[in-house]
1. What dipole magnitude, in Debye to the nearest 20, does segment 40-197 give about its Cα centre under +1 on Lys/Arg Cβ and -1 on Asp/Glu Cβ?
2. Cα convex hull of the chain: mean projected area in nm², to one decimal?
3. Starting from the Cα gyration tensor of segment 120-247, take the square roots of the eigenvalues, sort them a ≥ b ≥ c, and report rounded, prolate or oblate (rounded when a/c is under 1.5, otherwise prolate if a/b is larger than b/c, else oblate).
4. Top to bottom by accessible area (1.4 Å), largest first, where do HIS310, HIS561 land?
5. Report the accessible area of THR712, computed with a 1.4 Å probe over the heavy atoms of all protein chains in place, in Å² rounded to the nearest 10.
6. Please report the relative contact order for segment 327-427, taking Cα pairs under 8 Å with a sequence separation of at least 6, and give it as a percent rounded to a whole number.
7. Using Cα-Cα distances under 8 Å and only pairs 6 or more residues apart, what relative contact order does the chain have, in percent?
8. At 1.4 Å probe radius, can you tell me the per residue accessible area of segment 630-750 in Å²?
Amino acid sequence: MRTLVTRTILSIAIAALAFPCLPLLAQDKPPDQKKAEEQKKAEEEKKPKVTEEMVVTARKREETVQDVPISVAAPTESELRDRGAETIEDVAANVAGFTVQNLGPGQSQVAMRGVSAGQIVRDQPGVKEQVGVYLDESVISLSLFTPDVDLFDLNRVEVLRGPQGTLFGSGSLSGTVRYITNQPQLKVNETIGELTANTIDRGGMGGSAKVAVNVPMGDTSAMRFAGYYTKYGGFTDAIQPNLSIKKDVNDGYRGGGRLAFLFKPSDKLSITPRLLYQRIDMNGWNREDLFNILANPYTTTRPAVSFKDHQIFTQFEEPYKDKFTLGDVAINYDLAGGKKLTSISSITDRKVDVLRDATALTASITGGTIGLPANVYTLNAPLDDFTTAKAYTEELRLAGTMAKVQWVVGGFYGHTNRNYGQNLLVSGFEAATGIPTAGALIAPKDGLFWSDLRYKFRQSAIFGEATYTVTDKLDVTGGLRGYNFKEDRVQTFDGIFADPGTTRGSTKANGIAPRVMASYKLNADTRLNGQISKGFRLGGINDPLNVPLCTPQDLVTFGGHGNWKDETLWNYEAGSKTRLMGGRGSLNVSAFYADIRDLQATVTAGSCSSRVIFNVPKARSAGVEGEFEGAITDNFDFAISATQVSSKLRSTLTSTDLAGKTTVVAGIQSGNRLPTVPQFQLASAATIRWPSPAGWVAYGTGVYQHVGDRYTQIGDQAAGFGTVNMLTFKGVIGGPLTQGSFTFNPKLPPYDIINLRVGILKNRWDTAFYVNNATNETALLALDQERGTRARVGFLTNQPRTYGVSTRVNF
């Protein structure tokens, strides 16, 4: 950690020293003219994008947002900064139809248009994502651990709603997110610096230092570097076993950098190699506990504990570490006849280590199920989850234009090795109990549970799409992707909490993903669009159940599910895109219906302390989304986006016990809502500017975000869920208890966030004061539970009110 901090600070210091030097390389304009151009550039950055026709590459070619015939949002870095956005979760809060459920530091559940199968958990590395995430054209998706790339020095974030399987493949079942970075520019000297400082209401302090530099290296090459370091203040307090409190335990940092080169030896050829490295270190979780089997208000033989906002019970720190490296090369070559050949090669290396205090979970077994004494069930039980993933991808495509046709064809290959392990080392357990713990396979002494999972994923595909101009008003597009996939896994479980053994498994899949679109130019300002498209999410292999912990009925209900199938989605959509107010505004509306087959639902396997994936035969999501943006005057702009979605199961899964009684499995009942996504979501933002004759511009931005109620998992809607019977264990920890059960509401309530920002632009300087979460709303972002809520119940929460100041300078 110290080494990374030192390197980051040195990089920033070196770039800062270069601030006065770099502009000297381009001192070919009078100072007054240069200042005027700097002021104009700064003011242009604050103007709404509708006045500048934002260009996107949603179909792997350049088009404006209004001309591309699919539902696209493309907020710029400046817009996101003014709206208080720092993470992918913040981006989602500003975009209609896009949701990200916070599941802890560095862990997020990304969904689009109400399509979600529920929380992906760390011990399910074979589950694939439903929304693809890219850095420019390189795949960076990793289920659950979607890289939270710093938004500094980005051009925009493209959010492509609806299936993108034809051009982007697996993982883009319901949409795709693309971070589009600023590229190296020839013959341009540019330096951008940014400093922030902030403090959290009743929490810690944070801040950031960031720098971006573009340097020409002769007439045909250039380099661009972006470096950043952000210190996050903590706001979660941890109650210790002796009832003392550790303040702000979830602080940490994110640091990293991107280095890219552009080589353009001729007008036809460009080569852009790039290296990205990012590291996130967090010391705890943004959680607040409601119940803990070791700390709750109902005990009489243990100290009673009642939790306040942003309080948890832990016996030791819970760090999260994430190291992400990406190396890629983009090569573009212009062929004769207007054709372009593009190659994108990328290598990613990811290492994630998540440490959880699993003492409550372990105590529910050792003290609850087995009935061992307090000197055993209070032993520290760190559960260490570590993930490593190395991937190689290659995409080669050819694009061209004929008289009435624009087309692209290409091929894709991807190979990923993903290893996962989970270790539960309870030091002193064997000495305290006399129970032998060393396993015959991989578990050491006091290793109560030990696992090692090794995956190989291989995918290849060919794709093509063409747009034919039927008339001056009508364009028709057709596309097709054919894919082939194979997955191999070797898994070893060991320890007294496991069913020891090594298993091997494999699964294969192949299929096609078509898309047909039509775009009709109603008049000079309005286009009507329609499409039918298919998305897909690859299947996988279920883990064996922890048989020693399962009841006979749970073995019947959850056993026998070796693999799960591909999830598919057919999307039917119609919409319009309209320019308003002489090009100073836009109104985009879409209505969609998604028919989902074999939804991959995550199910907690009852008493087994395991999770499995069930395919739900039918589900659907239907809704409307709308976006309005307008520059009402030269100095006032307003934007609003909203989504109304109804996403539900259309199948019921049941289980029949040994006595012949039939029950619904884990809330999978027709009519129940799909989890993690709200039915209604809204975001609005307004900016007003006050130019001064003295040459400076004052501005103010207000942002309002509303997110409706949600569930974390499908199982949260099961009959009786939300009532915890604390007397189900053989050993009642802390008993006799003052009551035998307690209840909580598993439905996450709606919440509203307001962010405010005021600042002054003066030549190259932009200084602002901001307040994020101005009303200090405590939003419950996800339910966090252990052993079916009987060991612990809590919620992931958002950051409280935060005051900050930011200064940005452009050279």
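1. Values: 17 positive and 24 negative charges, 92 e Å.
Taking the Cα centre of segment 40-197 as origin, the dipole is about 440 debye.
2. That works out to 33.9 nm².
3. oblate
4. From most exposed to least exposed: HIS561, HIS310.
5. Probe radius 1.4 Å; accessible area of THR712 about 0 Å².
6. Numbers: 200 pairs, mean separation 29.9, N = 101.
Computed over segment 327-427, the figure is 30 percent.
7. 13 percent
8. 44 Å²
The values are calculated or read from the model by the stated rules, or taken from the named source; none is laboratory data. Every value quoted in this text rests on a predicted model; they were computed, and no experiment measured them. Heads up, the Cβs are rebuilt from the backbone with ideal geometry, glycines too, and the neighbour counts pull from every protein chain shown. Remember, those area values only see protein heavy atoms, side chains included, never the ligands or the DNA or RNA. Shrake-Rupley method; radii C 1.70, N 1.55, O 1.52, S 1.80 Å.
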